[in-house]
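Student: For reference, the structure I am asking about is given below.
The values are calculated or read from the model by the stated rules, or taken from the named source; none is laboratory data. Here the structure is a predicted model, which is why all the values come from computation and not from measurement. Neighbour counts run over all protein chains shown; Cβ positions are idealised from the backbone, glycine included. Keep in mind that these areas ignore ligands, DNA and RNA; they rest on the heavy atoms of the full protein, side chains included. Shrake-Rupley method; radii C 1.70, N 1.55, O 1.52, S 1.80 Å.
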Amino acid sequence: MTELTPPDIRAQKEDELLVVRCQLGERPAFDQLIERWHEPVAKYLRRLAGTEEAAEEVAQDAWLRILRGIGRLRDGRKLRPWLFGIARRALMDRLREQYALPTLTEVEMADIPAEPANADLEDELRTMERHLGELPAVEREVLTLFYLRELSLNDVAEVLGVPVGTVKSRLFRARQLLRRAIDSHGGCT
């Protein structure tokens, strides 16, 4: 488990207090919750839903579920993965047919090109964002949660409802598929 920095600790305490205030029924607290978390949740949904319209519909559904279910959240420190978990379930309900389709064929280890050892992280992230849309939903989702929403492996596992080992496997496969997508377009530009 990673150590939290002082700004992370402060944000976590603010979230905990916000959860308690929402659970007590304070109307301004609900507004603050939405103001604080709508954009991160919406970005996550836009990246996975495919269209702005679909993402907005799913976001509305997710926020209804969040506001109805906040009373059942027992640990305010878990607000972040709880929010993304609800958003994910709302999206999966909407995309159930597409989500159930098989992904790409199995990847052979010999076919996977080696990653450069000294790649610049910022260039990698920009390149990843450009090619993320080419990936199947499962791989796009795990990369988005881990790298772009900066959830820990444990939090991603909680959001997806799978063991941490499965998250690691999906991340490995997703990185390889992303690398193939990048390589097929001539690498970083």
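Student: When you count, for each residue, the other Cβ atoms within 10 Å and take the mean per peptide, how do 145-152, 28-35, 157-164 rank with the highest first?
Tutor: Details: 145-152: 18.8, 28-35: 14.4, 157-164: 16.8.
Top of the packing list down: 145-152, 157-164, 28-35.
Student: Kindly state, to the nearest 0.05, the FRET efficiency for residue 65 paired with residue 185, given R0 = 45 Å and r defined as their beta-carbon distance.
Tutor: 0.75
Student: Also, quick follow-up: So if R0 is 25 Å, what FRET efficiency would residue 35 and residue 93 give, r being the distance between their Cβ atoms, rounded to the nearest 0.05? Please list the in-between numbers first.
Tutor: On the way: r = 25 Å, r/R0 = 1.01.
In this case the efficiency is close to 0.50.
Student: State in Å² the accessible area per residue of the range 15-60; use a 1.4 Å probe, count heavy atoms of protein chains only, and round to the nearest integer. Numbers along the way, then the final one.
Tutor: Numbers: 2570 Å² over 46 residues.
Value returned for the range 15-60: 56 Å² of accessible area per residue.
Student: Can you tell me the equivalent ellipsoid semi-axes for the range 25-90? Use √(5λ) from the Cα gyration tensor, largest first, whole Å.
Tutor: They are 20, 12, 10 Å, listed largest first.
Student: Using a simple spin-label model with points 7 Å from Cα along the Cα→Cβ vector, what separation in nm is obtained for residue 148 and residue 27?
Tutor: 3.6 nm
Student: Between the range 11-71 and the range 164-180, how far is it from one alpha carbon centroid to the other, in angstrom?
Tutor: One Cα centre to the other: 28 Å.
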